[in-house]
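Each remark here refers to the structure printed beneath this line.
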Amino acid sequence: MAKTIMIVDDEPDIRESVKMVLEKNGYKVVAAVNGDDCLEKLKKTKPALILMDIMMPGTPVRDVVPKIKDIKIAYLSVVRTGEAEREALLKEKNIVDFIQKPFDITDLAKRVKKIVGA
Amino acid sequence: MDIQKELSDDHIALLLVSASDYDDSFLHVMRQLSKKSVCYVTLSKTFESMKDLFEKKKISTEKIVFIDAISKTFRKMPDQTNGCYFVSSPNSLTELEIAVLKVLRHGFEYLVFDSLSALLVYQKNAPVVKLVYALTSNARKNNARALFYAVKSPEHAQMVAEVGTIVDKVIDLDK
């Protein structure tokens with residue numbers, strides 16, 4: 001059975017391109033437009049991984065993430081962070097990867113596969 | 001471009017820059033301002049990454065106080081640390097304005113706002129323009145120069161046009 005990945009990003013282009021690539025790689029993809037939409041959709045689906053943009057309007061990610069239990073989260077970030085910051089973030093519960101935008105879409109698919117398997 | 005010369009008579013400027021030249025442009029400006037006291041508001045790069053970047057590019061941060069309005073959106077941060085105030089999020093415009101005023105009152109010579117384009121991810125045009133108006137008033141009251149960055153893009157044209165009526169000059173850094 002195909003694993004489900006949730007993409008949470010306010011940019012339609014990002015949601016569409018990530019959805020397209022991951023579906024091609026055999027995943028089922030659910031898209032959310034922001035943190036609140038993500039939490040709403042999590043009531044009906046439990047993905048294996050959430051790809052979450054850090055910089056979105058609406059409820060800040062820092063308030064959304066604690067409400068997500070037992071699901072791996074990879075941050076997508078156009079926000080530039082320091083190396084020490086990234087390392088600290090990856091020690092936080094649930095956070096499994098930090099992917100700097102702009103990203104190579106094929107590389108993203110490989111990283112997803114590494115995290116959740118095929 | 002000599003930013004200090006550009007702001008010798010006109011104190012408040014909107015700097016327009018293409019996305020591809022953005023990093024080079026703001027580093028070039030900050031290098032010129034390295035001996036000045038600067039209040040640097042950042043909305044797309046964390047304080048930590050700014051420090052790392054400036055260190056790498058050998059730009060002194062001794063006289064810079066940062067206001068980081070992005071880190072707290074995804075991490076638990078204190079309200080302040082050495083050289084930086086952290087604002088809750090780019091949604092918190094009043095908090096941001098108060099933080100800027102807190103710094104400018106101490107006689108800082110420059111306010112650099114990086115960037116209006118990043119703020120538009122969170123806000124519509126009207127609140128952004130209103131914030132620019134408030135910050136320019138604060139800067140003038142405190143005898144500070146102010147630089148507002150914006151990326152050149154069709155989506156931001158209206159905001160740029162409206163902000164252009166508030167500032168003293170609009171400088172296209174690509175020209």
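With the charge dipole of chain A set up from +1 on Lys and Arg Cβ and -1 on Asp and Glu Cβ about the Cα centre, the Cα lying farthest toward the positive end among the listed residues A:L108, A:M1, A:M56 is that of A:M1.
In whole percent, what relative contact order does chain B give with Cα contacts below 8 Å and a gap of six or more residues? Could the numbers behind the result be given before it?
Working: 282 pairs, mean separation 59.1, N = 175.
Worked out over chain B, it gives 34 percent.
Classified by the C-alpha gyration tensor, chain A has a rounded form. Its axis ratio a/c, with a ≥ b ≥ c, is below 1.5.
Among the DSSP beta bridges whose two residues both lie in the protein assembly as shown, what percent are antiparallel, rounded to the nearest 5? It would help to have the intermediate numbers written out before the result.
Working: 2 of 49 bridges.
Rounded to the nearest five, the antiparallel share is 5 percent.
Using a 10 Å cut-off on Cβ to Cβ distances, tally the other chain neighbours for every residue of B:38-46 and report the average as a whole number.
Details: counts 0, 0, 0, 0, 2, 2, 5, 5, 7.
Counting Cβ atoms of other protein chains within 10 Å of each residue's Cβ and averaging gives 2.
For the pairs B:K141/B:K169; B:K36/B:K124; A:K46/A:K67, flag any whose C-alpha to C-alpha distance is greater than 25 Å. Exceeds cut-off: B:K36/B:K124. Looking at chain B, the DSSP beta bridges with both ends there are about 5 percent antiparallel. Per the Kirkwood formula applied to alpha carbons, the protein assembly as shown shows a radius of gyration over Rh ratio, Rg over Rh, of 1.00.
Its Cα centre serving as origin, the range B:79-174 has a Cβ charge dipole (Lys and Arg +1, Asp and Glu -1) of approximately 300 debye. Rounded to the nearest 500, the 222 nm mean residue ellipticity of chain B from helices alone is -11000 deg cm²/dmol, with -39,500 (n - 2.57) taken per DSSP H run of at least 4 residues. Candidates B:S20, B:N91, B:S60 compared by Cα position along the dipole of chain B: farthest toward the positive end lies B:S60, with charges placed on Cβ. Need one word for chain B: rounded, prolate or oblate. Basis is the Cα gyration tensor (sqrt eigenvalues a ≥ b ≥ c); a/c below 1.5 gives rounded, then a/b vs b/c decides. Rounded shape, in that the Cα axes give a/c under 1.5.
Looking only at other chains, what is the average number of their beta-carbon atoms within 10 angstrom of each beta-carbon in A:50-62? Spell out each step's value before the answer.
On the way: counts 0, 0, 1, 2, 5, 10, 3, 8, 2, 3, 10, 4, 9.
Mean partner-chain Cβ count within 10 Å for A:50-62: 4.
Oblate is the label for the range A:1-67. Its Cα gyration tensor axes, ordered a ≥ b ≥ c, give a/c of at least 1.5 and b/c at or above a/b. What residues of the range B:131-164 lie in the reach of a label at B:D79, counting those whose backbone N is under 12 Å from a point 7 Å from the Cα along Cα→Cβ? Zone members listed by number: none at all. Around the Cα centre of chain A, unit charges on the Cβ atoms of Lys, Arg, Asp and Glu (plus for the first two, minus for the last two) sum to a dipole of about 640 debye.
Loop-located trypsin sites (Lys or Arg not before Pro) in the range A:11-56 (DSSP state other than H, G, I, E, B) with a sparse environment of at most 13 neighbouring Cβ atoms within 10 Å: A:K43, A:K44. Determine the percent antiparallel among the DSSP beta bridges restricted to the range A:25-109, to the nearest 5. Looking only at bridges with both residues in the range A:25-109, the antiparallel portion is about 0 percent. Take each residue of peptide A:78-88, count the partner chain Cβ atoms within 10 Å of its Cβ, and average: the result is 6.
Think of each Lys and Arg Cβ as +1 and each Asp and Glu Cβ as -1; about the Cα centre, that makes the dipole of the protein assembly as shown roughly 980 debye. Between B:K102 and B:K63, what's the calculated FRET efficiency when r is the beta-carbon distance and R0 is 25 Å? Round to 0.05. E between B:K102 and B:K63, to the nearest 0.05, is 0.90. Percent of C-alpha pairs per 5 Å bin in the range B:116-155, short distances first: 6, 22, 27, 23, 14, 8, 1.
Only the coordinates and a few stated rules stand behind these numbers; no lab work does. On a predicted model such as this, the values are computed, not experimentally measured, just so you know. As a convention, Cβ positions derive from the backbone with ideal geometry for all residues, glycine included, and neighbour counts pool all protein chains shown.
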